[in-house]
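Q: Quick one: the structure is below, questions incoming.
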Amino acid sequence: MDFFLAGKWQGREQRIDVTNPANNEVIDTVPNASADDVEIAVRSAVDGATVMAALTGYERFRILRRAADLMIERRDEIARTLSSEEGKPIREATVEVERSMQSLELSGEEAKRLGGEVLPLDGGQGVQQKLGFTLRVPCGVVAAITPFNFPLNLVCHKVGPAIASGNAVVLKPASDTPLVALKLIEVLLDAGLPPLGISCITGSGRVVGKQICGDRRVRKISFTGSQDVGQQICKVAGIKKVTMELGANSPLIVLPDADIDKVVTATLSSGFANAGQVCISAQRLIVADEIHDELMGKLIPKIESIVSGDQLEPDTEMGPMVRVSDAQRVHAWIKEAASEGAKIACGGQCDGAFMQPTLVLDAKPEMKIVREELFGPGIAVCSARDIDDAIRMANDSHYGLSAGVFTQDIDAAVRFAKEVHSGNIHINWGPMWRTDLMPYGGLKASGIGKEGPKYAIEEMTEMKSVVIHS
Ligand code: NAD
């Protein structure tokens with residue numbers, strides 16, 4: 001596919017291969033953008049920002065509403081592309097397309113609700129005869145930089161709210177998964193988005209992404225990706241608004257009174273969806289000593305029965321990781337844990353980009369599979385003496401994106417909600433749960449700001465105070 005720049009689809013001689021990670025076959029190619037392309041994208045977005053700000057809320061709602069409908073009309077085709085380039089099973093890819101439709105729909109609804117507030121100015125000493133109110137105005141040019149693992153819905157979580165609030169967007173999708181982002185552009189243009197309202201350029205994050213983020217004309221960066229890259233972006237961003245949705249090593253705590261069957265179901269979905277390549281994957285399973293053996297007895301056979309294979313086959317439950325090098329990294333971390341005394345209860349091998357679903361017992365806080373973000377199909381099991389120990393272990397991380405606890409004890413659940421340092425807390429479910437309207441984002445090194453259309457719009461707009469003096 002070509003990229004969409006300054007109102008036109010354009011090709012470039014230098015191109016990037018997009019491959020299917022299951023077999024390394026090239027599915028398509030996309031242009032490799034240059035520094036000149038970034039300059040053109042930002043310049044046209046400055047013009048586009050004027051066009052977008054002139055649309056009414058109702059017009060922006062109509063564009064997004066229509067885009068949501070067109071997305072569903074193209075669901076199967078887009079899901080196939082998504083599954084092929086990312087590696088997630090076709091079932092999960094289809095759910096992602098449906099969620100993306102909802103993210104556009106929710107964003108469209110918010111376009112009609114951009115209000116301000118009346119300011120009670122006469123509460124200030126000596127203030128009389130003044131009327132004050134706030135206005136929310138678009139930031140102007142929004143840069144959206146997105147990761148590979150939800151290459152459609154996470155783009156919709158940025159592009160939807162940006163359009164809803166009247167901004168122009170410069171989008172830079174991940175180089176492994178640019179095709180669905182480009183298909184989204186087709187959908188938005190077909191839905192009536194003014195062509196200058198968005199550019200989508202494909203190319204190296206280190207070169208193109210960095211240049212976009214450092215440009216002073218870009219007034220807002222919305223980034224989802226790794227902590228390392230988030231840090232690099234913050235260094236070059238200068239004075240502009242920044243949202244950072246970063247990684248994690250999320251804990252799932254199981255207290256002695258947990259419903260074990262429910263824990264097994266939640267652990268499987270939280271640990272192995274998208275081959276563990278989800279920012280809120282359950283990575284650390286912190287289990288009370290009393291319940292440990294019973295839980296493992298039920299969990300291990302279920303993990304062993306996960307059907308792994310070609311992601312486009314309807315029965316496949318787990319596909320390849322996005323790159324061979326990622327599978328090799330996860331494999332190496334697991335082998336390292338084993339050499340440090342942990343026990344591999346199941347899985348542990350890799351073949352090309354396929355890493356087996358793996359459970360590691362007797363994991364210790366200093367092991368890499370506990371401390372760092374694994375971002376693969378592996379869960380490390382740690383034992384906890386009691387709730388205090390479990391909460392301390394959950395908080396023993398520089399991350400804080402999502403956490404789950406299983407308990408029937410309301411007091412324990414409330415303590416967990418109050419004391420665990422995490423942006424999302426789930427009682428009686430795993431850390432991997434999100435619906436697209438809720439405020440979503442991390443604490444500590446997991447990020448800054450919130451997504452979810454209503455909350456993202458606050459971050460993509462600026463507030464003005466207006467005072468009428470009479
Ligand atoms: P990544 O950080 O490697 O890349 C993300 C994007 O940044 C890509 O488009 C990449 O090209 C671009 N990029 C790379 N270097 C850049 C630079 N110097 N300047 C600007 N842009 C640059 O992440 P990834 O491997 O694609 O995705 C996995 C990571 O994303 C994991 O850490 C995961 O936890 C995180 N993630 C977080 C959330 C969340 O909501 N918190 C959601 C999904 C993924």
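Q: Can you give me the % of accessible surface on segment 77-196 that is carbon or sulfur? Probe 1.4 Å, all protein chains present, nothing else counted.
A: 51
Q: How would you order 156-168, 96-108, 404-416 from highest to lowest mean count of nearby Cβ atoms within 10 Å?
A: Most protected by this proxy first, the peptides run 156-168, 96-108, 404-416.
Q: I've got another one for you. Sorted by average packing, counted as other Cβ atoms within 10 angstrom per residue and highest first, what order do 325-331, 217-223 take?
A: Highest mean packing first, the order is 217-223, 325-331.
Q: Convert 10 °C to kelvin, take the viscosity as 1.306 mPa s, use the Kirkwood radius over C-alpha pairs of segment 313-395 as Rh, and evaluate the Stokes-Einstein diffusion coefficient in µm²/s, rounded to a whole number.
A: The Stokes-Einstein estimate is 118 µm²/s.
Q: For LYS464, give me every one of the lysines with a C-alpha distance below 25 angstrom, ignoring sequence neighbours fewer than eight places off in its own chain.
A: LYS112, LYS130, LYS158, LYS220, LYS240, LYS241, LYS450, LYS454
Q: Can you tell me the length gained on complete extension of the stretch LYS302 to HIS469, counting 0.36 nm per residue apart and subtracting the Cα distance?
A: Extra length from LYS302 to HIS469 when fully extended: 53.2 nm.
Q: For segment 397-466, what log10 I(q)/I(0) values come out of the Debye formula at q = 0.16, 0.22, 0.28 1/Å, with one point per alpha carbon and no solvent?
A: -0.63, -0.96, -1.21
Q: Taking the Cα centre as origin and putting +1 on Lys and Arg beta-carbons and -1 on Asp and Glu beta-carbons, what dipole magnitude results for the chain, to the nearest 20 debye?
A: It works out to roughly 1920 debye.
Q: So how many Lys-Lys pairs in segment 250-427 land under 21 Å Cα to Cα, not counting same-chain pairs under 8 apart?
A: Count of close lysine pairs: 9.
Q: For segment 24-155, with equal point scatterers placed on the C-alpha atoms only and solvent neglected, what are the log10 I(q)/I(0) values from the Debye formula at q = 0.11, 0.13, 0.19 1/Å, to two decimals?
A: -0.62, -0.79, -1.22
Q: Suppose every Lys and Arg Cβ carries +1 and every Asp and Glu Cβ carries -1, with no other charges. What dipole size does segment 338-470 come out with about its Cα centre, to the nearest 20 debye?
A: 140
Q: Could you tell me the relative contact order of the chain? Use alpha-carbon pairs under 8 Å, at least six residues apart, and round to a whole percent.
A: Averaging sequence separation for qualifying contacts and normalising by length gives 19 percent for the chain.
Q: Sticking with this one: How high is the relative contact order of segment 250-427? Use alpha-carbon pairs under 8 Å, at least six apart in sequence, and give a whole percent.
A: Normalised by residue count, the contact order of segment 250-427 is 28 percent.
Q: Once the dipole of the chain is set up with Lys and Arg at +1 and Asp and Glu at -1 on Cβ about the Cα centre, which of SER305, GLN356, PRO151 lies farthest towards its positive end?
A: Working it through, the farthest residue towards the positive pole turns out to be PRO151.
Q: To the nearest µm²/s, what D does Stokes-Einstein give for segment 1-97 at 20 °C and 1.002 mPa s, using the Kirkwood radius over alpha carbon pairs as Rh?
A: This corresponds to a translational diffusion coefficient of 133 µm²/s.
Q: Peptides 134-144, 361-371, 276-286: what's the order by average Cβ count within 10 Å, highest mean first?
A: Output ranking for 134-144, 361-371, 276-286: 276-286, 134-144, 361-371.
Q: Still on this structure: Rounded to two decimal places and with Rh computed the Kirkwood way over Cα pairs, what is Rg over Rh for the chain?
A: Answer for the chain: 1.00.
Q: While we're on this one: Got a sec to turn the phi values of segment 51-59 into Karplus ³J(HN,Hα) couplings, 6.51 cos²θ - 1.76 cosθ + 1.60 with θ = phi - 60°, whole Hz, x for Gly and Pro?
A: 3J(HN,Hα) across segment 51-59, in whole Hz: 4, 5, 5, 7, 6, 7, x, 5, 5.
Q: Please report, in Å, the Rg and the Dmax of segment 250-427, where both are computed over Cα atoms only.
A: Cα radius of gyration and Dmax of segment 250-427 are 15.4, 47 Å respectively.
Q: Taking the dipole about the Cα centre of segment 166-251, with the C-beta of Lys and Arg at +1 and of Asp and Glu at -1, give me whichever of GLY225, ALA237, VAL180 is farthest to the positive side.
A: ALA237
The values are calculated or read from the model by the stated rules, or taken from the named source; none is laboratory data. None of the values given here were measured: they were computed from a predicted structure. Please note: Cβ atoms are built from the backbone with ideal geometry, for glycine as well, and neighbour counts cover all protein chains shown. Heavy atoms of the whole protein, side chains included, go into the accessibility calculation; ligands, DNA and RNA do not. Shrake-Rupley method; radii C 1.70, N 1.55, O 1.52, S 1.80 Å.
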